[in-house]
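Just below is one structure, and these are the notes that go with it.
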Amino acid sequence: MAEDSRVLDARYYMPAFSRTMKIVRGAGSRVWDDRGREYIDCVAGIAVCSTGHCHPKVVEAICGQAKELIHCSNLYYIPNQAELAEKLVGITGLSKAFFSNSGAEANDGAMKLARVRTGRKKFAAFAHGFHGRTCGSLAVTHKPAIREPFEPLSTPCTFVDYGDLDGLAAVVDKDTAGVFVEPIQGEAGVIIPPDEFLRGVREICDDAGALMIVDEVQTGMGRTGKWFAFQHSGVTPDIVTIAKGLASGFPIGALVAREGLEFKKSEHGSTFAGGPLACATALATIGVIEEILPDVAWKGERFMKGLAAHNPRGRGLMIGMSVGDRCPEVQQTCAENAVLVNCAADGNLRLIPPLVITDEEIDTAVGVINAALG
Ligand code: PMP
């Protein structure tokens, strides 16, 4: 008999996270563990699945493309890559797209683009912000536990408190290539800034000639009820970065930049990025999100209403609650009662379910979470 995969895991894998259960199957907003237990997955959005697990249209697109062409993208025209770029330009309102394999890599690309087009080297970003774990993106990520072991990082970045526009204005100057900002901080625990915040960041960037780089890796692709969270604010960024929900869990990221901002020959590239299989999956995902996007806002409201006794904050289906030290215990109790939730930083419970979650699933999840919170 094959050895239990946990034994193999302990022997051969380098676990960078503590893991709790073994997930073996998913469909819609549900996942199943190796003992056949079913869960409502309110964590799927962090783990990339906005259209729900194994959405039939997404699976069909993967299978169809896999039979046609699996290739790498740098040397040839790939028809569905151009089609995906057109879609991303359409939904962001920007000008041109460039592909990557992950969110961190999309942010690395944005850093390179900002540096090479402005001729400047410095960045500014926000306390508790998260932009990835590659050596590039880590430089604009603030989370001390993942950053400090690798300091000094080669790209200079100054951090200011999230929401503090005076603090930002004081550090952004003629040497600043760009400002990285999450429109809602995800890993920090679903922190929603004041309405005028992104407008203020835009003005500060304009005054200094720095680029405004909005990281929509967690908030994008319909999560907050619009395609992108920046679209609630009325500003247009210079660069938007996207990953997670872009292809329902298939690895692909992208940066989309405003007119006049693009890489020149040989300035950037990656073998697998924007390959036809990833692009087919992303295009099918966008098709599904187009259908369900109008429902995201009211589904979020239903969730928030159900949890009202615990002061939830959120936008669309991205919801957080300050729970404090009890967070891991609440997470565990919810899992025992067949609902997966997640503890983000600082005792914040995070709910980020698939956008296809049904009313009934929302009500069940709300009941379990309320009971766990007491
Ligand atoms: N930016 C944000 C806002 C994120 O939440 C994450 C992932 N948690 C990343 C970037 C990094 O994405 P990836 O894990 O795909 O590199």
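What ranking do CYS334, CYS54, CYS49 get, fewest neighbouring Cβ atoms within 10 angstrom at the top?
Working: CYS334 24, CYS54 15, CYS49 29.
Ordered from fewest to most neighbouring Cβ atoms within 10 Å, CYS334, CYS54, CYS49 come out as CYS54, CYS334, CYS49.
Remark: spin-label model distance GLU83-GLU336 equals 4.9 nm, labels positioned 7 Å along the Cα→Cβ axis.
Across the options VAL7, GLY314, VAL341, the greatest Cα extent toward the positive end of the charge dipole of the chain (unit charges at beta carbon of Lys, Arg, Asp, Glu) belongs to VAL7. Going by neighbour counts of Cβ atoms within 10 Å, the residues HIS128, HIS310, HIS55 line up, fewest first, as HIS310, HIS128, HIS55. Here is the size of the stretch 56-286 from its Cα atoms: Rg then Dmax, 17.0, 55 Å.
For the stretch 256-374, the convex hull drawn through the C-alpha positions has a volume of 175 cubic angstrom per residue.
Which one of HIS232, GLN218, GLY260 has its Cα pushed farthest toward the positive end of the charge dipole of the stretch 198-303, where Lys and Arg give +1 and Asp and Glu give -1 at the Cβ? My answer, from the dipole projection, is GLN218. Of SER137, SER266, SER18, the residue with the greatest mean-square motion in the GNM of the chain, using alpha carbon springs below 10 Å, is SER18. Each of ALA243, PHE99, ILE184 was placed along the dipole of the stretch 56-286 (beta-carbon charges, centred on the mean Cα), and the one lying farthest toward the positive end is PHE99. Specify the inter-centroid distance of the stretch 328-374 and the stretch 283-327, based on alpha-carbon positions, in whole Å. When both Cα centres are located, 11 Å separates them.
Computed from the C-beta positions of GLU68 and ARG25, the FRET efficiency with R₀ = 22 Å rounds to 0.25. Cysteine residues of the chain whose C-beta has no other cysteine C-beta under 4.7 angstrom: CYS42, CYS49, CYS54, CYS63, CYS72, CYS135, CYS157, CYS205, CYS279, CYS334.
Suppose a student asked you for the relative contact order of the chain, using Cα pairs under 8 Å spaced at least 6 residues apart; what percent would you report?
Numbers: 780 pairs, mean separation 86.9, N = 374.
Once normalised by length, the contact order is 23 percent.
Assuming charge only on the beta carbon of Lys and Arg (+1) and of Asp and Glu (-1), the dipole of the chain about its Cα centre is about 620 debye to the nearest 20.
Obtain the radius of gyration and the Kirkwood radius of the stretch 190-263 from its C-alpha atoms and give Rg over Rh.
Values: Rg = 12.9 Å, Rh = 13.1 Å.
Across the stretch 190-263, the Cα-based Rg/Rh ratio is 0.98.
Simple point charges give the picture: +1 on the Cβ of Lys and Arg, -1 on the Cβ of Asp and Glu, and for the stretch 186-325 a dipole about the Cα centre of about 380 debye. Could you tell me the center-to-center distance, by alpha carbons, between the stretch 216-261 and the stretch 15-93 in angstrom? So the separation of the two Cα centres works out to 16 Å. Paramagnetic label reach from ASN370 (point 7 Å along Cα→Cβ; backbone nitrogen cut-off under 20 Å): within the stretch 288-322, residues 298-322.
Among bridges DSSP assigns within the stretch 56-286, what percent are antiparallel (round to 5)? Kindly include the intermediate steps, with their values, before the conclusion.
Details: 10 of 24 bridges.
In the stretch 56-286, DSSP labels about 40 percent of beta bridges as antiparallel.
Are there GluC sites (Glu not before Pro) in the stretch 1-102 that DSSP puts in a loop and that have at most 10 other Cβ atoms within 10 Å, and which ones?
Those satisfying the criteria are GLU3.
Loop only by DSSP, 10 or fewer other Cβ within 10 Å of the Cβ. Give me the GluC sites (Glu not before Pro) in the stretch 247-339 that pass, ordered by residue number. Hits after loop and neighbour filter: GLU259.
All of the numbers you see were taken from the coordinates with simple rules; none came from a lab. What you see is a predicted model; the values in this text were computed from it and never measured. Here Cβ is always computed from backbone atoms with ideal geometry, including for glycine, and neighbour counts include all displayed protein chains.
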